Structures are given as structure tokens and as C-alpha cells.
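The values are calculated or read from the model by the stated rules, or taken from the named source; none is laboratory data. Everything numeric here is computed off the predicted structure, so don't read it as measured data. Virtual Cβ from ideal backbone geometry, glycine too; neighbours counted across all protein chains shown.
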Amino acid sequence: MNTRLTGILVLALATGTAVAGQATDPTAQHAHDHATVPTAASAAVTAPQTEGEIRKVDVAAQKLTVKHGRIENLGMSPMTMVFRVKDPAFLTQVKPGDQVKMTVERIEGALTIVALQRVP
Ligand SMILES: [Cu+2]
């Protein structure tokens with residue numbers, strides 16, 4: 001058996017829209033109209049949201065046990081696991097059985113819930 005690995009093809013998703021800068025027009029023709037640009041209020045949260053169900057709230061350890069769906073940004077399959085929380089207030093906002101949407105990021109090696117909201 002001569003299996004030959006020819007290497008891994010990495011698809012670099014080049015979203016490179018090479019915008020050729022602003023044309024500084026000396027005639028001062030303001031061609032760009034100031035259309036209503038959507039306010040970047042939600043720009044702080046970049047990672048996608050993950051659905052989950054709270055299983056356990058550990059206030060002392062500041063941890064939440066969550067049965068979570070697939071976490072796209074971490075490449076993690078659905079499972080039940082313990083998370084740290086970025087904000088201790090999260091621990092008072094949910095209780096076992098609550099359906100939530102959350103954003104999980106790896107902070108200093110620990111999987112941490114950085115945003116959490118209950119789903120009615
Ligand atoms: Cu997990």
C-alpha cells in the first residue's frame with residue numbers, strides 16, 4: 001500500500017475586496033451620499049451564538065453547566081459541559097432548565113460564556 005498524502009489543501013477564504021482607497025477629489029465633489037449606515041451597536045459580539053439549555057448553576061465556582069448545540073466558532077459538537085462565565089451576573093440570570101442563547105469564546109485556555117440571554 002503506497003498511500004501518498006499530497007498535503008492539505010487549505011482554502012483561504014479571501015474576502016479581499018481590494019477597495020482602491022478614497023479618491024481625493026480636488027474639485028471637492030462630494031459624490032458619496034451619507035446614506036443611513038446601520039449603527040454598529042452589536043459589533044462587539046463577533047462570535048456566533050450557540051443554543052443551549054442550562055443544567056446546573058454553580059455560583060461558588062462561577063460556572064454554568066450547559067447542554068449546548070454545535071459551537072461553530074470552536075468547532076465543537078453538541079454536548080453537556082461546564083463553562084466559565086465572563087460576567088458573574090450570568091449566574092443569577094438563569095436557572096436549570098432555561099433555554100439560552102450564548103456566545104462562547106476561549107479565554108486564557110478556558111471556554112467562557114461571554115454573552116448569555118434567555119430564550120422565552
Ligand atoms: Cu462542549
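Restricting the first residue to the range 48-72 and requiring it to be in contact (Cβ under 8 Å) with a residue 60 or more places away in the chain, which pairs with a second residue that is basic (Lys, Arg) and surrounded by fewer than 17 Cβ atoms within 10 Å (Cβ to Cβ) meet a Cβ separation below 6 Å and a spacing of at least six or different chains?
Short answer, once both residue conditions are applied: GLN49/LYS101; GLU51/LYS101.
Please tell me if PRO38 is more than 16 Å from the ligand (Cβ to nearest atom), at pLDDT below 60 and either of a type outside the set (A, V, I, L, M) or assigned to a loop (DSSP other than H, G, I, E, B) (or both).
yes
Do you know which residues across the range 63-72 are buried (at least 17 other Cβ atoms within 10 Å of the Cβ) and at pLDDT below 95?
none
In the range 73-95, what count of residues is obtained for those that are exposed (fewer than 12 other Cβ atoms within 10 Å of the Cβ) and either within 12 Å of the ligand (Cβ to nearest atom) or assigned to a loop (DSSP other than H, G, I, E, B) (or both)?
Here the count works out to 6.
Within the group ALA31, ALA60, ALA18, ALA44, which residue is away from the ligand (no atom under 16 Å from the Cβ) and at pLDDT 95 or above?
ALA60
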